[in-house]
Amino acid sequence: MSVHFDVNKISFFGLDDWSVAVCAWRGCCLEVFARAEQSVANCLEALEKAGVTLGKDARDPFAGTRLKALSACIAAHDFGGHGKVAQMRIGRWEQVHELRAYLAHGTVKASGSGAVIQLVAFDGKTGKRQPPRQLSRVEMLTVLAELEQVQIQLHHQLGQIKALAAQAKPLKSGKTPAANAAGGGDQPR
């Protein structure tokens, strides 16, 4: 189930039970992450159907690894100017994606002024308590709005990549995307 929402309709300042607002905020953030992961999955599927070679990590169970596989695939193929823009959008998403672990796996508690998020991260051997992230009510709204904006930009740019999937050509070593498109000689990247 996917619930689409408008950030401006979440009443962080008028809700009687603040802990409910914090839970709603967390759910909204996780929904945005799910939308981005679906956009990446759809793009990988379109590239695969078009015969574009994907790396083995394109089917990895971890969203961050699949995103890196998509980024590597886009970097290795000519999508016109859309490839560079997609790389920038992916890079921006990777920056905001760092909050995902806190929201998906951490404990979120309402505080008088906002929320406190605590995460225990595991490195395969031990768990390490990460520093708590404290967000004011305004920061919570800002985070959600930024997540949604970056996710929408990523979704739209991956739509361009999907539309160009059938025309994608592997880049030849040592050539820029512009040189490949023009059939030019070797130029350093």
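Tabulated data for the structure shown
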item	result
Any hit, region 64-71, residues being open to solvent by less than 20 Å² (accessible area, probe 1.4 Å), more than 15 Å from the chain's Cα centre (by Cα) and at pLDDT 90 or above	no
Residue that is nearest to Lys162 (Cα to Cα), among those in region 52-63 that are open to solvent by 60 Å² or more (accessible area, probe 1.4 Å) and not charged (D, E, K, R)	Thr53
Residue that is nearest to Glu139 (Cα to Cα) [pool: residues in region 30-51 that are open to solvent by 40 Å² or more (accessible area, probe 1.4 Å) and among the acidic types (Asp, Glu)]	Glu37
Test set (1) assigned to a loop (DSSP other than H, G, I, E, B); (2) open to solvent by 30 Å² or more (accessible area, probe 1.4 Å) - Gly27 fails condition number	(1)
Subset of region 72-114 (residues that are hydrophobic (A, V, I, L, M, F, W, C) and either in contact with an Asp or Glu (Cβ under 7 Å, 6 or more places away or on another chain) or buried (at least 18 other Cβ atoms within 10 Å of the Cβ) (or both))	Cys73, Ile74, Phe79, Ala86, Ile90, Trp93, Val96, Leu99, Leu103, Val108
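The values are calculated or read from the model by the stated rules, or taken from the named source; none is laboratory data. Please read all numbers here as calculations on a predicted model, not as lab measurements. Virtual Cβ from ideal backbone geometry, glycine too; neighbours counted across all protein chains shown. We work out accessible area using only protein heavy atoms, side chains counted, and drop any ligands, DNA or RNA first. Shrake-Rupley method; radii C 1.70, N 1.55, O 1.52, S 1.80 Å.
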